[in-house]
Amino acid sequence: LKRSFGSHGSTASLQLESDAAMKVLPGFVAASIFVLSTALKQQSLEQDTLDQAVQTSSGFNAAAPPVIFRGPQSAVFLEASSSNLAAREAKVEALAKKEQAALLSQQQAMEAMAQQQKLVVGENAALQAQMKKVEAKEQKMEEIMTQQSQALKEAKASRNHAEALLQQQSGALLKAKAAASSMALASSASLASTSLASSAYNFLASTSENVIILGSSTAQLALRLSQQVIRDQLIGGALYVVVMCIIAYIYGVKFTYEYPKLEQEPVVTRANFSFGLLDGMKCSSSAATYPIVRDARIPCFSCCALPVRWADTASSMKINYLHFWAAVIFVSLCEALAGVTYYITGFVFIIMAVILRQRIRRLYGMPYATCGSCTQDLCVWSFCAPCATMQEAMEVEYIEPPAKPWQQSMSAAVKSITSLGADTTPLKTQVRSAKEVC
């Protein structure tokens, strides 16, 4: 431990050495106690043997009484007993000396152990003092390290501040150089601008008259072009109206025969149109609307001559919305003048078509005049006008509207009149009663 104190001064090594000493000390004390106990046991055994020897030398025996010799044998026995007694006394003295030596050795061992314990306690105290000194030194070293780290941080902060100041100064220098260069450029630009202004003034003065002349001629040319475009659009619209009228005449003469019957009647729910938007274009022979495609009047005129097919639907006896020729001319004019009026007339036609579609809904018992139905009809006519025309035509031509109350009353009146038969009531009275039933 002294050698370790002299060579190593760290707290960890001193702590390890003190722990080792404290671990060895209990073992050493236990060994010393074991040695003392064995010495005491040996001493007690030697004392027992000494007592037995003394008893045997004195002739004392508890088991058997002493034998008494008389005559010449008594002298021999006394001599032998005296010699045995001397030998036994010598043995007793030797044993006493051994016992004294053992006791001395035990005392010396105990003194040595006490001294060793004192030494261990002193060394432990010295070790603890040394550890305290080392801890104090470590605390001082830590304080010194913290002071140095703080000083280092302050030095770094001052260095960063100095670098920032240097960058600011360099930036200010660059800005000053840029300002000087910009001032030089501004001066040169001002000179150039004065020269350019003078030249531009001269150029404008020389070209202003030419520009005025060119602007007037351009305006005249644009006016002529717009007039020509309007004239061409009007001529095209007039030709479109004439062509639609010719097609309407041919349609009325050649294509107004009866429509073919469907192979399968559609399901009429009165919740919406009985046909879909594209049912008139199904070319499959298994489709229920295949006869419509084979007849080809509704799909062809809906796609190629929309005013004619729409006018036929609007003038139907079931709908009675517009006259056929009035509807043809109105739709043709709206479509022909859409380009000139920026599609205002086209929007007017869409409104009229939506009104017709709502009329069909009302007459056929479907929901009408609601936000949903109006929105649906407006979207259909805005994005697919031929599909809407074809759907309305198929609904009017193939589906009968539901009977109205006045029609049911009229049929009942007719039945009542026919049931009169040979009634002798005058005819005027019968007609009056029929009117009342109606």
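The values are calculated or read from the model by the stated rules, or taken from the named source; none is laboratory data. Predicted model only: the values in this text are computed from it and were never measured. Neighbour counts run over all protein chains shown; Cβ positions are idealised from the backbone, glycine included. Each accessible area value is taken on the protein alone, full model and side chains, heavy atoms only, with ligands, DNA and RNA left out. Shrake-Rupley method; radii C 1.70, N 1.55, O 1.52, S 1.80 Å.
Would you be so kind as to identify which of Val253, Ile235, Ser286 lies farthest towards the positive end of the dipole of segment 219-300, taking Lys and Arg as +1 and Asp and Glu as -1 on Cβ and the Cα centre as origin?
Farthest along the dipole direction, towards plus: Ile235.
Based on alpha-carbon centroids, what's the gap between segment 362-392 and segment 237-259 in Å, whole number please?
Centre-to-centre (Cα) distance: 25 Å.
Considering only protein heavy atoms, what per residue accessible area in square angstrom results for segment 243-336 with a 1.4 angstrom probe?
Accessible area per residue, segment 243-336: 54 Å².
If we sort 280-291, 385-396 on the protection proxy, mean other Cβ atoms within 10 Å, highest first, what's the order?
Per-residue Cβ counts within 10 Å, averaged per peptide and sorted highest first, yield 385-396, 280-291.
Given Lys282/Lys318; Lys41/Lys98; Lys254/Lys282, which pairs have Cα atoms separated by over 20 Å?
Too far apart for the 20 Å limit: Lys282/Lys318; Lys254/Lys282.
Give, as a single signed number, the net charge of other residues whose beta carbon lies under 14 Å from the beta carbon of Ile292, with Lys and Arg counted +1 and Asp and Glu -1.
Surrounding charge for Ile292 is -3.
Apply the Karplus parameterisation 6.51 cos²θ - 1.76 cosθ + 1.60, with θ equal to phi minus 60°, to every residue of segment 140-146 and state each ³J(HN,Hα) to the nearest whole Hz, in sequence, with x for glycine and proline.
Karplus-based 3J(HN,Hα) across segment 140-146 equals 4, 4, 4, 4, 4, 5, 5 Hz.
Less than 10 Å Cβ to Cβ from Pro367, Lys/Arg counted +1 and Asp/Glu -1: what total charge do the surrounding residues give?
+3
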